[in-house]
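The values are calculated or read from the model by the stated rules, or taken from the named source; none is laboratory data. From a predicted model like this one, the values you see are computed outputs, not experimental measurements. Heads up, the Cβs are rebuilt from the backbone with ideal geometry, glycines too, and the neighbour counts pull from every protein chain shown.
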Amino acid sequence: MTRYLFKSILQIVPVLFIISMLVFVLVRATGDPVALMLPESATEQDRIEMTEALGLNEPLYVQYGIFISNAIRGDFGISYHYGQQALPLVLERLPASIELAVVSMVISTLIAIPLGILSALKRNSYLDLIISGISVLGKAMPNFWVGIMLILFFSVMLGMFPVSGRGGLENMVLPAFTLGVGLAAQMTRMIRSTMLEILNQDYIRTARSKGIIEAIVVGKHAFRNGLISVVTIMSLQFTSLISGTLITETVFAWPGLGQLLVAAVNNKDMAIIQAAVLIIALLVIVINILTDVVYRLLDPRIKYN
């Protein structure tokens, strides 16, 4: 396990290098940021001076060499829109996104696990059909629509929760539920499928034939062996929550990384885009490594060669 972790950590460097190259090329392929930075009254000479100041007059490979050498030192450049270093700005917004992702994951897990188990135990019953129908509906509803509906009902009509912003727990309820609905729907389907497969195994029938209480059979023997599938979907969705909350954070004006990245894309703020994408990529890699560790803790039979 130690050797596997060491090799996984070493692989972070080439992966980030490839991602940085792709981001660097794609950001510059979207257009000329100088045209956006300068006012309409700027002259051609102003444009030339700004291009030279940003180093955009150099060949692409030279620009990338300068970028990667600076990035290794944690310098992704200065955001022209905010007028400060990009990396500290990204790291300042990151805790808000992680906070929202964690609460959304907790909500979705508390909803999905009991519903998924219940749906599997009551297979092909009316209850199973209702839970499956709700899961499909929850997965089909776009996050931005769910968020708007929650705002209209709980904020505008009932006045129970704030419309936007980050503050106390009441500010987090609506955006967390907005993200948790779709995630819970997907997790419910996954848990149901996993539990149906496990409940048909011979050792489950043996446990039932011994007269073991059904709650113990389901909880200790069945669900415990299905935890790997649950952990897999949770790790995948957690990374997507951190990087994919762009629209939700925009709808609720949540000051997280997603909202910052949307603004950076609209403003073609290269420094912010590059720093944010690389930080998100690093988080995804770290979460994947931690997921492998959890696999080993859940099932000691798993070996990493």
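Here are some notes:
- Within the stretch 52-71, the residues that satisfy the criterion of being among the β-branched types (Val, Ile, Thr) and under 18 Å from Ala275 (Cα atoms) are Ile66, Ile68.
- The helices (runs of 4 or more DSSP H) found wholly in the stretch 1-73 and carrying at least 1 residues that are at pLDDT 80 or above occupy 2-29, 60-72.
- Subset of the stretch 149-162 [crowded, with 16+ Cβ neighbours inside 10 Å and either touching a helix residue (DSSP H, G or I) at 6+ places or on another chain (Cβ under 6 Å) or farther than 19 Å from Gln259 by Cα (or both)]: Leu150, Phe154, Ser155, Phe161, Pro162
- Of note, Gln186 does not satisfy the criterion of being among the polar types (S, T, N, Q) and either modelled with pLDDT under 80 or loosely packed, with under 14 Cβ neighbours inside 10 Å (or both).
- Test: residue in the stretch 245-252 that is modelled with pLDDT of 80 or more, over 16 Å from Glu99 (Cβ atoms) and touching a Phe, Trp or Tyr at 6+ places or on another chain (Cβ under 7 Å): yes
- Filtered by the rule that a residue be surrounded by 24 or more Cβ atoms within 10 Å (Cβ to Cβ) and not in a helix (DSSP H, G or I), the stretch 227-278 gives Thr245, Phe252, Trp254, Gly256, Asp269.
- Matching helices (runs of 4 or more DSSP H) fully within the stretch 119-205 where at least 3 residues are among the aliphatic types (A, V, I, L, M) and under 18 Å from the mean Cα position of the chain (by Cα): 169-199
- Selection within the stretch 86-120 - within 19 Å of Ala271 (Cβ to Cβ) and touching a residue at least 24 places away in the same chain (Cβ under 8 Å): Ala86, Leu87, Leu89, Val90, Leu91, Arg93, Leu94, Ser97
- Tally, over the stretch 121-136, of residues that are surrounded by 14 or more Cβ atoms within 10 Å (Cβ to Cβ) and of a type in the set (Val, Ile, Thr): 2
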